[in-house]
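A quick write-up on the structure given underneath.
The values are calculated or read from the model by the stated rules, or taken from the named source; none is laboratory data. Here the structure is a predicted model, which is why all the values come from computation and not from measurement. We place every Cβ from the backbone using ideal geometry, glycine too, and count neighbours over all the protein chains shown.
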Amino acid sequence: MVPKFSAPPALSASGTDPSATAQLPPAILQRVHALLQDGKRKILGLVAPPGAGKSTLAAQLQQALGARAQVVPMDGFHLANSTLQRLGRSERKGAPDTFDAAGYCALLQRLRTQEPGSTVYAPEYRRELEEGIAGAIAVEAATQLVITEGNYLLLPEGDWQPVRAALDAVWYLDVAPEVRTQWLLARHMRYGRSEAQALAWIAQTDAPNALRIEASRPAANWHLAWPERAA
């Protein structure tokens, strides 16, 4: 049985975080309100190339909605480093075939049909460990909006192909490539890479992946010019 909720109040009303709401452009708040208007569980996808600020927007939406929302990132389905090494894919970590796409799709389907009173557990990727942690995110049946963010939500091939159909709406974050590269460089260096190592990784791995992601852009419901600093 799919969870049913009462229609939500305006996002600026009681039950939301006014400070978080103030950070979000009105157009975003209006679209979230419209998405939730029928009172049913919804899954919102945020997609963009690496470093575009998907996790920042997801966190701000969750903060604004409070207990009504939960973030379930695609990155929790990274294959383990030991598996990537065995498969010879360690140097391409972040490419489409370095994720458990079928497992991610299965989780989205569980979230669509979650039973009242149940809890669905999802994995979380920890950048400081460079590994996914199973069962780190709890999604309660009362959660009205599940926000999932990742690179390949619109990829029309392989085990990724069913993802789009599992999402009620998908927003594509548009960020100028040179700005996104600056944010991505800062993130790689924050987690231990030297500048030279970070630039090499961006050129060899992130940039080719970005081209594939950008090719899927037309399949999004909304193209959002995202002004915030990436996480």
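Out of the residues in segment 168-180 that are buried (at least 20 other Cβ atoms within 10 Å of the Cβ) and either of a type in the set (Asp, Glu) or not in a helix (DSSP H, G or I) (or both), state the one that is modelled with the lowest pLDDT.
Val175
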Next item on the list: Filter segment 181-200 down to the residues that are at pLDDT 85 or above and among the aliphatic types (A, V, I, L, M), then identify the one that is farthest from Gly45 (Cα to Cα).
Entry: Ala196
Checklist line | Selected residue (criterion: surrounded by the most Cβ atoms within 10 Å (Cβ to Cβ)) from residues of segment 184-199 that are among the basic types (Lys, Arg) and closer than 10 Å to Arg127 by Cβ | finding: Arg187
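Does Thr205 meet the test of being in contact with a Gly (Cβ under 6 Å, 6 or more places away or on another chain) and modelled with pLDDT of 85 or more?
no
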Next item on the list: Just need a number here: residues in segment 26-57 that are in a helix (DSSP H, G or I), over 18 Å from the mean Cα position of the chain (by Cα) and small (Gly, Ala, Ser).
Entry: 2
Margin query: Anything in segment 83-110 that is polar (S, T, N, Q) and farther than 15 Å from Asp159 by Cβ? List them, or say none.
Written below: Thr83, Gln85, Ser90
Note to self: Within segment 186-200, does at least one residue satisfy the condition of being under 30 Å from Arg68 (Cα atoms) and aliphatic (A, V, I, L, M)?
What the structure shows: no
Check: Condition test on Ala165, is it farther than 14 Å from Pro49 by Cα and in contact with a Pro (Cβ under 9 Å, 6 or more places away or on another chain)?
Finding: no
Note to self: If I go through segment 65-100 residue by residue, how many of them are surrounded by 14 or more Cβ atoms within 10 Å (Cβ to Cβ) and over 20 Å from Ala122 (Cα atoms)?
What the structure shows: 6
Note to self: Looking only at segment 102-118, how many residues end up being surrounded by 15 or more Cβ atoms within 10 Å (Cβ to Cβ) and either touching a Leu at 6+ places or on another chain (Cβ under 8 Å) or of a type in the set (Ser, Thr, Tyr) (or both)?
What the structure shows: 2
Notebook entry, point to check: Name the pairs: first residue in segment 191-211 and farther than 23 Å from Leu154 by Cβ, second residue part of a helix (DSSP H, G or I), Cβ to Cβ under 7 Å, at least 6 apart or on different chains?
Noted result: Arg193/Trp201; Glu195/Met189; Ala198/Leu185; Ala198/His188; Ala198/Met189; Leu199/Leu185; Trp201/His188
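In the list Glu157, Glu140, which residue meets the criterion of being modelled with pLDDT under 95 and either more than 19 Å from Glu214 (Cα to Cα) or not small (Gly, Ala, Ser) (or both)?
Only one candidate passes the filter, namely Glu157.
Quick one: is Gly39 on the phi > 0 side of the Ramachandran plot and surrounded by fewer than 18 Cβ atoms within 10 Å (Cβ to Cβ)?
Yes; evaluated as a whole, the condition is true for this residue.
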Notebook entry, point to check: Out of curiosity, is Ala169 under 17 Å from the mean Cα position of the chain (by Cα), under 25 Å from Gln70 (Cα atoms) and free of Cβ contacts under 8 Å to residues at least 40 places away in the same chain?
Noted result: no
